Each structure stands twice: as structure tokens, then as C-alpha cells.
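The structure under discussion appears below in the form of C-alpha cells.
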Amino acid sequence: MKVSEIIRNRRIELGMTQQDVADAIGITKATVSRWETGNIKSMNRDNIEKLSRLFDIPPSVLLDWEGYDEERIRRNQLISELTTLATVAKIEHVEIVLDLLKRLEGLK
């Protein structure tokens with residue numbers, strides 16, 4: 001998958017507009033649009049870092065150093081959720097944890 005497609009798909013997956021992304025990173029909507037159409041081939045280091053944090057994907061994906069593995073990204077998100085829950089879990093959270101574990105198991 002092309003980096004431009006990854007940016008567009010992830011933005012849509014997160015329910016964000018191009019303007020939302022632009023505001024979060026501190027760039028223009030036109031720049032986001034050019035990233036998504038592939039009209040800008042390179043991004044500066046700060047924008048790569050900000051976008052990877054915003055989209056919760058490794059910077060190496062935005063640098064096209066490794067393929068975008070949606071399943072791996074989702075697994076990492078679930079592990080992060082489990083870690084957070086484990087630090088504050090109460091008995092009533094047990095069902096939530098079990099559900100997350102089942103979802104994680106299904107992503108193998």
C-alpha cells in the first residue's frame with residue numbers, strides 16, 4: 001500500500017477530516033490533501049513524527065521502510081488498551097478485559 005493511501009485510509013478510519021489532521025499537526029489542509037494524492041513525496045521529520053503519533057502508526061511506515069500491517073497495528077492498540085486497564089482494573093472491568101483478550105486472540 002502506498003504511503004498516500006495509508007495516510008488517507010488511516011485518517012478516514014479515525015473519523016478525521018483533512019482539516020482535523022492539518023490542525024493537529026500544524027500544517028495546511030492543502031498539504032494533507034497533497035500527501036493523500038501523492039503530490040508530495042517527502043515529509044519533514046517533525047511532520048512524520050506528529051503524524052505517526054496522531055495516527056498511532058510507526059514512523060517507518062510513513063517513510064515507506066516497512067509495509068503497513070493493519071492487523072499488527074490493531075493488535076498493538078489492543079495490547080495498549082489491556083495495559084492501561086491492567087493498571088486501573090477493578091472487578092467490574094473483568095468482562096472488558098476478557099472481551100479485549102478474545103479480540104486480540106482473533107487477530108493472530
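Values quoted throughout were computed directly from the atomic coordinates according to the rules given, and no laboratory measurement underlies them. Everything numeric here is computed off the predicted structure, so don't read it as measured data. Counting neighbours? That spans all protein chains shown, and the Cβs are built from the backbone with ideal geometry, glycine included.
General observations
- Among THR37, VAL97, LEU14 the positive-end extreme of the charge dipole of the chain (Cβ point charges): THR37
- Efficiency of FRET between LEU54 and VAL94 - r from beta-carbon atoms, R0 35 angstrom, step 0.05: 0.65
- Scaling the Cα radius of gyration of the chain by the globular reference 2.2 N^0.38 Å produces a ratio of 1.25.
- For region 3-62: rounded, prolate or oblate by the Cα gyration tensor [a/c cutoff 1.5]: rounded
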